[in-house]
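**Student:** Below is a structure I'd like to ask you about.
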Amino acid sequence: MERQPGRSALRAGEVSQPVLVAWSGGKDSALALQEVLRDERYRVVALVTTVTAEYDRISMHGVRRGLLHRQAQTLGLPLQEVVIPRDASNADYERQMEATLTAARTRFAMLDAVVFGDLFLADIRAYRERLLARIGMRGLFPLWLRDTRALAADCVRQGYKAVLVCVDSRALPRAFAGREYDAPLLNELPPGVDPCGENGEFHTFVYAGPILRAPVPYRRGEIVVREGRFVYCDLEETPTP
C-alpha cells in the first residue's frame, strides 16, 4: 500500500481487509494509522507494540506501558504487545514478533498485513518485509517517500500534539528532550536533522490529535542519559480529568 490521494473506497463486491498497525506511540505511527483509517479497503483490528519487560516501557522510545495503554484506549483499538527482555538479541525479537503475529492471525480471520510508519529507509523496510514473508504476511507503508518536511508541517497543522521523549545527542542538543513537537521546534532543528527524525535523531509520544478521542494526560519527569548518548525525558502518568 502506497499513499493514495484522498479517501480510498471499496470496489463493488470487495470486503475490507483486516490489518494490524505497528504502533510506537509516536507521530509517524499515528499518521500511518490515520491514513489507513481513511482507506475503506482496510479495517484496523489492533495495534502492535514492542515492550521491554524489565523496564515496563515501549522499546527504544522509553515510554511507560501505562501511557501506551491509555493511547490504545483513547484510540479505541485493542493492543497486542510483543514483550522482549532488556538484553534481547535480534533473534529473540524476531521470535517474539512472529509468535505475536501468528497468534493474531489465528484470532483475526483473513489477517495478512501490518501497517508501518516508515518514511524512506529502504533497508528497514526490506527487513520488515522479509520478516513478515516468513509467516505469510506483508507490510503496508502508507507514508512511504512522503516529503518529510511537508509531512512534519502537516502533522502540526492537523493538530497532533507530541513531545520528544528520546533524543540522540549526537544529532540534537540535549535540551530538545521533553520539548513539544511544534512549529518553533521544527524551525530550530539543526541542518541535516530530518524533520520527522527518520534517521533516529529523536522519538516522540503523541498525546493528542485528530484520531485520539481525548488527550492522554501526562507530566514531564526527569531527564535521563543512557549509553552516554541517548537523552530520555521520562513521562509520568497523571489521573484522567
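**Student:** Go ahead and estimate [θ] at 222 nm for the chain from helices alone: -39,500 (n - 2.57) per DSSP H run with n ≥ 4, summed, over the residue count, rounded to 500.
**Tutor:** One gets -8500 deg cm²/dmol as the mean residue ellipticity at 222 nm.
**Student:** In whole angstrom, how far apart do the alpha carbon centroids of segment 11-67 and segment 113-165 sit?
**Tutor:** That distance is 11 Å.
**Student:** Check residue 83: other-chain or 5+ apart residues with amide H under 5 Å from its amide H, H built from backbone geometry?
**Tutor:** 51
**Student:** Under 5 Å between amide H atoms, partner at least 5 residues away or on a different chain: which partners does residue 207 have, H built in plane at 1.01 Å?
**Tutor:** 161, 162, 163
**Student:** Something else: State whether segment 17-140 is rounded, prolate or oblate according to the following rule on the C-alpha gyration tensor (a ≥ b ≥ c being the square roots of its eigenvalues): a/c under 1.5 gives rounded; otherwise a/b larger than b/c gives prolate, and the remaining case gives oblate.
**Tutor:** Taking the square roots of the gyration eigenvalues as a ≥ b ≥ c, segment 17-140 is rounded.
**Student:** If you take the square roots of the eigenvalues of the alpha-carbon gyration tensor of segment 158-237 and sort them as a ≥ b ≥ c, do you get rounded (a/c under 1.5), prolate (a/b over b/c) or oblate?
**Tutor:** oblate
**Student:** Just going by the charge dipole of the chain, with Lys and Arg at +1 and Asp and Glu at -1 on Cβ, which of 232, 25, 15 is farthest out on the positive end?
**Tutor:** In the chain, that residue is 15.
**Student:** By how many degrees, between 0 and 90 and to the nearest 10, does the Cα long axis of helix 90-107 differ from the longest principal axis of the chain?
**Tutor:** For 90-107 against the chain, the angle is about 40 degrees.
**Student:** May I pose another question? Rank the residues 23, 144 as a footprinting-exposure proxy: fewest other Cβ atoms within 10 Å of their Cβ go first.
**Tutor:** Ranking 23, 144 by Cβ neighbours within 10 Å, fewest first, gives 144, 23.
**Student:** Could you tell me which of rounded, prolate or oblate describes segment 45-113, using a ≥ b ≥ c as the square roots of the eigenvalues of the alpha-carbon gyration tensor, with rounded for a/c under 1.5 and, failing that, prolate when a/b is larger than b/c and oblate otherwise?
**Tutor:** oblate
**Student:** Could you run the Karplus curve 6.51 cos²θ - 1.76 cosθ + 1.60 with θ = phi - 60° over segment 117-132 and give me ³J(HN,Hα) per residue in whole Hz, x for Gly and Pro?
**Tutor:** x, 5, 10, 8, 7, 5, 5, 5, 4, 4, 4, 4, 5, 5, 4, 5
**Student:** Pull up all non-local amide H partners of residue 138: gap of 5 or more, or a different chain, and H-to-H distance under 5 Å with H placed in the peptide plane.
**Tutor:** 113, 114
**Student:** I've got another one for you. Using each residue's phi in segment 217-230, evaluate 6.51 cos²θ - 1.76 cosθ + 1.60 at θ = phi - 60° and report the 3J(HN,Hα) Karplus result to the nearest Hz, with x for Gly and Pro.
**Tutor:** x, 7, 9, 6, x, 6, 9, 10, 9, 10, 6, x, 9, 8
Values quoted throughout were computed directly from the atomic coordinates according to the rules given, and no laboratory measurement underlies them. For clarity, every value in this text was computed on a predicted model and none was experimentally measured. As a convention, Cβ positions derive from the backbone with ideal geometry for all residues, glycine included, and neighbour counts pool all protein chains shown.
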